[in-house]
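Reviewing the structure listed below.
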Amino acid sequence: MTTSLVRQVLPRPRATTTDVYGTTAPGFASVRRSFERACRDAGAPGSQGAALTVVRDGELVVDLWHGTADPVTGTPWTGDTLQPVLTGSHGILATAVLLLADMGALALDRPVADYWPEFAIRGKGKVTLRDVLTFTARLPGMEAGLDQRDIENPHMMAALLELHSLEDDPRAGGVLYGPWTAGWIAAEVIRRVDGRDLDLFFLEEIAGPLGLDIHFGLVPDQLPHAARISYDADFSARVPALGHGADSSEADLFGRVWNNPSPFPADAGVWSENRRRYALIPSLGAYASARGLARLQGILAADAVRAPGEEPLLLSRRTLDQARSFWVEGLDPLLGGISAYGEGGLQLLDEGLHPAVCSGAFGHQGPGSVAYQAWPQAGAGAAWVCSRLAAGPGAGVLDEVAGAVASALRTA
């Protein structure tokens, strides 16, 4: 595990009678209670695990975990457990692209073909990086039939995408999330521009220098720290037919986007196979601890409100202002649910009940096992991860966290 630059001001972790471990700073006792409720709702601690972390002004103010990281081996969850981020990987991928934009190596409004000439064929010459990161490129799915092993080869997927045409189905313009294609395109652009694959670029430029436990794919030494995901009954109902025999014919847009192949196969154990954990899967293959995600969001939150010209920890104020500037919002015609993105592909989040904290928030929330948010107004970042994928997002837990942060701000 890496060593974070974030100051840890909490006492040593301790066990509680509710099987929740870790610590909370003064003023955050309500967060522990919320976390305990969420863990009880998720199921028996021997069958799943979860973690919640909050960083505020560079200090770790909430650090909690619970349950079992791998029910097969009995490995308990710890503060260093690495969770498959799955659909939440997009925000991390977008951060890597934004760093290259900050370096002047690429521009979001330029065509992908400027960096990857072969991409231009079959009518894709005007597709920009911004289109890709905001899911407005009309390339939400794959035409060629794929299996679970194919998606573990990003170079092959990039070659297949060169042969793609823009989607003809009129619904494609409103599909504001696709599980695979945006990641393969963005990762290939990074490789063409920088020379390094996404996993190495992210390690050497972001995770390593900032001490973040966030990785695109794992190495053997990290396998004991990896969580094993499972699905609850409501998750399959919320995402109908994914991996369960839905019509995945090439004539069906839903099949091309969500079952070619399914990111949530009927056997969730696919995501716990060693070959899958080692693979570079840009859109769904990030692994992170709750600490790593919260620290990254805390850094981005701080950078987003720096004075113009002030040295950032990661991204300049100019780049983040552009990346968070509203670009698109809509109701997904395939799965339902409203998504909104800024120009840089960062998901824009509703301020909810706590505008003093959540105004201008960005990050990721959605069905599954991960929710993370950056709160520039409060100088804070928060992350919830759970190994059992559920229909409801972890944003409900983060709402209570935002309330505690708001209370702390009022007290200060």
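Listed values, structure above:
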read-out: Residue match in the stretch 213-220 (condition: open to solvent by 40 Å² or more (accessible area, probe 1.4 Å) and at pLDDT 95 or above); value: yes
read-out: Conditions (1) modelled with pLDDT under 95; (2) open to solvent by less than 20 Å² (accessible area, probe 1.4 Å); number of the one not met by residue 376; value: (1)
read-out: The lone exception for residue 40 - which of (1) at pLDDT below 90; (2) part of a loop (DSSP other than H, G, I, E, B); (3) open to solvent by 30 Å² or more (accessible area, probe 1.4 Å) it fails; value: (2)
read-out: Residues of the stretch 308-332 that turn out to be in a loop (DSSP other than H, G, I, E, B), at pLDDT 95 or above and either of a type outside the set (Asp, Glu) or open to solvent by less than 20 Å² (accessible area, probe 1.4 Å) (or both), as a count; value: 6
read-out: Residue in the stretch 248-282 that is surrounded by the fewest Cβ atoms within 10 Å (Cβ to Cβ), counting only those that are acidic (Asp, Glu) and either under 30 Å from residue 375 (Cβ atoms) or without any contact (Cβ under 8 Å) to a residue 60 or more places away in the chain (or both); value: 267
read-out: Condition met for residue 71 (of a type outside the set (D, E, K, R), out of contact with any strand residue (DSSP E or B) (no Cβ under 7 Å at 6 or more places or on another chain), modelled with pLDDT of 95 or more and under 22 Å from residue 221 (Cα atoms)); value: yes
read-out: Number of positions in the stretch 360-387 that are in contact (Cβ under 8 Å) with a residue 24 or more places away in the chain and either aliphatic (A, V, I, L, M) or within 15 Å of residue 39 (Cα to Cα) (or both); value: 13
read-out: Residues within the stretch 102-112 that are out of contact with any strand residue (DSSP E or B) (no Cβ under 8 Å at 6 or more places or on another chain) and either open to solvent by less than 20 Å² (accessible area, probe 1.4 Å) or not in a helix (DSSP H, G or I) (or both), tallied; value: 5
read-out: Test: residue in the stretch 283-302 that is touching a helix residue (DSSP H, G or I) at 6+ places or on another chain (Cβ under 9 Å) and surrounded by fewer than 19 Cβ atoms within 10 Å (Cβ to Cβ); value: no
read-out: Test: residue 89 is touching a Gly at 6+ places or on another chain (Cβ under 9 Å) and part of a helix (DSSP H, G or I); value: yes
read-out: Verdict on residue 62 being under 22 Å from residue 408 (Cα atoms), in a strand (DSSP E or B), open to solvent by less than 30 Å² (accessible area, probe 1.4 Å) and touching a residue at least 24 places away in the same chain (Cβ under 8 Å); value: yes
read-out: Residue within the stretch 229-240 that is more than 19 Å from residue 207 (Cβ to Cβ), among the β-branched types (Val, Ile, Thr), in a loop (DSSP other than H, G, I, E, B) and modelled with pLDDT of 90 or more present; value: yes
read-out: Those residues of the stretch 113-134 which are touching a strand residue (DSSP E or B) at 6+ places or on another chain (Cβ under 7 Å) and assigned to a loop (DSSP other than H, G, I, E, B), in sequence order; value: 125, 126, 127, 134
read-out: Filtered residues of the stretch 335-346 (kept if surrounded by fewer than 19 Cβ atoms within 10 Å (Cβ to Cβ), at pLDDT below 95 and at negative phi); value: 338
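Residues are listed down the side, and each one gets a yes or a no for (1) more than 18 Å from the chain's Cα centre (by Cα); (2) outside any helix (DSSP H, G or I); (3) surrounded by fewer than 15 Cβ atoms within 10 Å (Cβ to Cβ):
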| residue | (1), (2), (3) |
| --- | --- |
| 138 | yes, yes, no |
| 155 | yes, no, yes |
| 160 | yes, no, no |
| 164 | yes, yes, no |
| 173 | yes, no, no |
| 191 | yes, no, no |
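Per-residue answers, yes or no, for (1) within 30 Å of residue 47 (Cα to Cα); (2) in a strand (DSSP E or B); (3) in contact with a strand residue (DSSP E or B) (Cβ under 9 Å, 6 or more places away or on another chain):
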| position | (1), (2), (3) |
| --- | --- |
| 351 | no, no, no |
| 373 | yes, yes, yes |
| 383 | yes, yes, yes |
| 398 | yes, no, yes |
| 401 | yes, no, yes |
| 409 | no, no, no |
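The values are calculated or read from the model by the stated rules, or taken from the named source; none is laboratory data. Quantities reported herein were computed from a predicted structural model and do not represent experimental measurements. In this analysis, Cβ positions are derived from the backbone assuming ideal geometry, glycine residues included, and neighbour counts consider all displayed protein chains. The accessibility values were calculated without ligands, DNA or RNA, using every heavy atom of the protein model including side chains. Shrake-Rupley method; radii C 1.70, N 1.55, O 1.52, S 1.80 Å.
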